[in-house]
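**Student:** Sharing a structure below in structure tokens format, with a few things to ask.
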Amino acid sequence: MERALSSEVAPVTVGSGGPLGNFDEMFEQYRPRILRFILASLRNKESAENLTQDCFVRAYRARDQLRGGSSAGTWLMQIAANLVRSHEASGRLKFWRRMLRADVDLSDAGDWIPDPQMSPEQMAAARQQVEKIWKVAGRLSGKQRTVFLLRFAEDMELLEIAAITGMKEGTVKTHLFRALKSVRTALEEQTK
Amino acid sequence: MSQHLSSQQILECLIGAGDPDRQRHARECAACRAEIESLAKPLAWFRASVHYAGERAVHSSFATGPVLLLTQEALDRAWYSNVMAAIKEAIHPPKLPPLEVTSRPVPVKDIWGSYGGQEKRAGFSSLAIHAAAIGLLFIIGTNQTVQQVVRRQISLIAPDLAPYQPAVKKDPMGGGGGGGDRSPTPASKGKLPRLSDKQFVPPMALVHNPDPKLVMEPTLIIQPDANIPKVNMDVLGDPLAKSMIASNGPGSGAGIGSGSRGGVGSGNGVGFGPGSGGNMGGGAYRIGGGVSAPQVIFKVEPEYSEEARKAKFQGTVVLFVVVDEKGNPRDLKVIRPLGLGLDQKAIEAVEKWRFKPGMKDGRAVAVQATIEVNFRLL
């Protein structure tokens, strides 16, 4: 279980050079990741794009508050997680608006090809499993889903997740554990 | 450490939170590793699919720099603020700048009256057609034969020559009826049936069909205020007859008496007594009171007699005529003679005339009328 940090997770310090130049760099670097996380959480492209923009606007306004020691990725992800949480809280009132929008997550994920060397049967089975995980992740509670996505979609360490969500490591572990349990139950149900 | 990991411990390993001993066991034990793999593989695929969807989203969305970003508040305004803004706009609509007209009228082809340059020819041909039509009327009007035909019109009028009587109810009654079933005995005495304006069944003194399918009261068509002879008898019959042996009489066409067509008496029709065409009192119906005048549909010009022509005699003969139900003139009589053989000529001509019979209640009836025949020398 090797978990090498990809280059995009590498910490970037903000505020050393010209504020806008560095921020541009940070935007280019972290935007795909933030967008991906929000998209996986909300399963809606328009909201995800809006929230990603909002996330960077907030980050830009509060760029002075970023302490030199913490990683910019963690900081941005923290803002994104907060935005997702508040969006879901307000989204309960806008359920009709959600009905009008087309959810694109499953069709986008359905296009994904697991491995070109797999047999069609294996590929179909893999796709079914992935779809199941998508569905289960959608049914999870907000905290569990955030933790699950950060751990298994973004490959973050438990301490990092704890920093982002503002929870203790033990709490993060509990949430992760419960999320994983429901995923495993769903997958076992499918294989039966 | 030969003991396998529990399902809970496997999950902990996946999370990355198991203690080092269990982590090592997970790496070494094939069974445990397989179990971890069975869950880790779908999770890895899930990760890949999330990354794939994220990449697609990044590529499909337009990349904007942070300077151009709009805030979420600006994009997602609360509904009440939208409503307030709409109300405000409805009450105080914002003044728009004066409209600048950038369009300009363009000359287009006239679509009305497009003769394609043939206006003159069309006008001339129209004029020619009108002139030809008017000229044709002139030619017809100036023709001698046409003028003669127009001049030799004979007017047919039907003046009622009988003296005017205000009490019209009883006297102008005309018509009659008769019937019988060709029996050898004369019609028997009896009362008249009910008077009506319709007849479904003729009266019979001797009933041949005692059990009819549909019982209808026999009637005679006589106006209701007619002064019919009253007979104090229960059986139907001819009130003026003398025989007491039940008989319908020697007539024909049902009814009672020596006449025909379903009435009572010696006449011809569904009335009573001599005469024809229903009702009673003898004779035919007169024009007026629901009886329409007969109309001439074919007529023959009367010839001048030799004497009258030589004497250059002219005048009017008035004839009495009964126009029967079929439109044929009968019973022609001269009311106002002219002499010199012209009366005879008038009767000869009128006998050949054919009429549309007079109508009463939608039925053709015999009607008496007077005809004036004018003799004029052109």
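**Student:** Name the residues whose placed amide hydrogens come within less than 5 Å of the amide hydrogen of B:Gln295, ignoring near sequence neighbours (fewer than 5 apart) on the same chain.
**Tutor:** Long-range HN contacts for B:Gln295: B:Lys356.
**Student:** Hey, what's the Cα Rg ratio for the stretch B:1-45 versus the globular rule of thumb, 2.2 N^0.38 Å?
**Tutor:** Working: Rg = 9.7 Å, N = 45, 2.2 N^0.38 = 9.3 Å.
For the stretch B:1-45, the normalised Cα radius of gyration is 1.04.
**Student:** Sort B:Cys32, A:Cys55 so that the residue with the fewest other Cβ atoms within 10 Å of its own Cβ comes first and the one with the most comes last. Write down the numbers at each step before the final one.
**Tutor:** Values: B:Cys32 20, A:Cys55 27.
By the 10 Å Cβ count, ascending, the order reads B:Cys32, A:Cys55.
**Student:** Compute a Gaussian network model of chain B, connecting alpha carbons closer than 10 Å, and tell me which residue from B:Ser260, B:Ser305, B:Ser81 fluctuates the most.
**Tutor:** B:Ser81
**Student:** Packing-wise, with mean Cβ within 10 Å as the measure, how do A:60-66, B:317-323 rank, highest first? Could the numbers behind the result be given before it?
**Tutor:** Values: A:60-66: 12.9, B:317-323: 22.4.
The densest-packed peptide leads the list: B:317-323, A:60-66.
**Student:** What shape does the stretch B:175-283 take by its C-alpha gyration tensor, where a ≥ b ≥ c are the square roots of the eigenvalues and a/c under 1.5 counts as rounded, a/b above b/c as prolate, and the rest as oblate? Don't skip to the answer; put the middle values down first.
**Tutor:** Details: a/c = 1.32, a/b = 1.14, b/c = 1.16.
Verdict is rounded for the stretch B:175-283.
**Student:** In the structure shown, do any of B:Lys299/B:Lys345; B:Lys191/B:Lys360; B:Lys198/B:Lys333 have a Cα-Cα gap over 20 Å, and if so which? All intermediate terms of the calculation are to be shown ahead of the outcome.
**Tutor:** Working: B:Lys299/B:Lys345 13 Å; B:Lys191/B:Lys360 26 Å; B:Lys198/B:Lys333 32 Å.
Cα-Cα > 20 Å for B:Lys191/B:Lys360; B:Lys198/B:Lys333; rest within.
**Student:** Amide H neighbours of B:Glu372 under 5 Å, counting only residues 5+ apart in sequence or on other chains, H built in-plane at 1.01 Å?
**Tutor:** Under 5 Å from the amide H of B:Glu372: B:Ile157, B:Leu319.
**Student:** Exceeding 32 Å between C-alpha atoms, which entries from my cross-link table qualify? They are B:Lys189/B:Lys352; A:Lys45/A:Lys132; A:Lys45/A:Lys181. Before the final figure, lay out the partial values.
**Tutor:** Numbers: B:Lys189/B:Lys352 41 Å; A:Lys45/A:Lys132 20 Å; A:Lys45/A:Lys181 28 Å.
Going by Cα-Cα distance, B:Lys189/B:Lys352 fall outside the 32 Å limit.
**Student:** Now, a different point. Provide the FRET efficiency to the nearest 0.05 for the B:Val207-B:Asp331 pair, computing r from the beta carbons and using R0 = 41 Å. It would help to have the intermediate numbers written out before the result.
**Tutor:** On the way: r = 35 Å, r/R0 = 0.85.
The formula returns an efficiency of 0.70 here.
**Student:** Continuing with the same structure: What is the average number of partner chain Cβ atoms found within 10 Å of a Cβ in A:31-40? Intermediate values should be presented prior to the final figure.
**Tutor:** On the way: counts 5, 7, 3, 1, 6, 9, 2, 2, 6, 8.
Mean inter-chain Cβ contacts per residue within 10 Å come to 5.
**Student:** Something else about it: Just to confirm the filter: which trypsin sites (Lys or Arg not before Pro) across the stretch B:302-351 are DSSP coil and have at most 15 other Cβ within 10 angstrom of their Cβ? Don't skip to the answer; put the middle values down first.
**Tutor:** On the way: sites: B:Arg309, B:Lys310, B:Lys312, B:Lys326, B:Arg330, B:Lys333, B:Lys345; in loops: B:Lys312, B:Lys326.
Loop-located and lightly packed - B:Lys312, B:Lys326.
**Student:** Once you list every other residue whose beta carbon is under 15 Å from the beta carbon of B:Gly257, what net charge do they have if Lys and Arg are +1 and Asp and Glu are -1? Spell out each step's value before the answer.
**Tutor:** Working: positive: B:Arg182, B:Lys189, B:Lys191, B:Lys242, B:Arg261; negative: B:Asp181, B:Asp238.
Summing Lys and Arg as +1 and Asp and Glu as -1 gives +3.
**Student:** On to the next question. Per residue of B:37-45, how many C-beta atoms from partner chains lie within 10 Å of its own C-beta, taken as a mean?
**Tutor:** Working: counts 0, 4, 6, 2, 3, 14, 11, 4, 9.
Per residue, the number of nearby Cβ atoms from other chains is 6 on average.
**Student:** A follow-up question, please. With springs connecting C-alpha atoms under 10 Å apart, model chain B as a Gaussian network and identify which of B:Ala293, B:Ala346, B:Ala128 has the largest mean-square fluctuation.
**Tutor:** B:Ala128
**Student:** Counting only other chains, what is the mean number of Cβ atoms within 10 angstrom of the Cβ of each residue in peptide B:10-17?
**Tutor:** Values: counts 2, 8, 4, 1, 8, 10, 7, 7.
Neighbouring Cβ atoms belonging to other protein chains average 6 per residue here.
**Student:** Follow-up. Among B:Asp324, B:Asp21, B:Asp343, which one shows the highest mean-square fluctuation when chain B is modelled as a Gaussian network with alpha-carbon springs under 10 Å?
**Tutor:** B:Asp21
**Student:** Any chance you could give the angle, 0 to 90 degrees and rounded to 10, that helix B:30-60 forms with the longest Cα principal axis of chain B?
**Tutor:** 60 degrees
**Student:** By how many degrees, 0 to 90 and rounded to 10, does the Cα axis of helix B:342-351 deviate from the longest principal axis of chain B?
**Tutor:** That helix lies at roughly 40 degrees to the long axis.
**Student:** Determine ³J(HN,Hα), in whole Hz, for all residues of the stretch B:307-317 in sequence, where each value follows from phi through the Karplus function 6.51 cos²θ - 1.76 cosθ + 1.60 and θ = phi - 60°; x replaces Gly and Pro.
**Tutor:** Those phi angles translate into 5, 5, 5, 5, 7, 6, 8, 9, x, 10, 9 Hz.
**Student:** Turning to a different aspect of this structure: State the Cα centre-to-centre distance between the stretch B:190-247 and the stretch B:334-363 in whole Å.
**Tutor:** 35 Å
**Student:** Let me spell out the model: positive unit charges on the Cβ of Lys and Arg, negative unit charges on the Cβ of Asp and Glu, origin at the Cα centre of the stretch B:1-45. What dipole size does that give, in debye rounded to 20? Don't skip to the end; give the middle numbers.
**Tutor:** Details: 5 positive and 6 negative charges, 23 e Å.
The dipole of the stretch B:1-45 has a size of about 120 debye.
**Student:** Show me the ranking of peptides A:117-129, A:77-89 by mean Cβ neighbours inside 10 Å, starting with the highest.
**Tutor:** Values: A:117-129: 13.4, A:77-89: 19.1.
Final packing ranking: A:77-89, A:117-129.
Read the figures in this text as sums done on the coordinates, not as results from a lab. Quantities reported herein were computed from a predicted structural model and do not represent experimental measurements. Note that we place each Cβ from the backbone using ideal geometry, even for glycine, and neighbour counts take in every protein chain shown.
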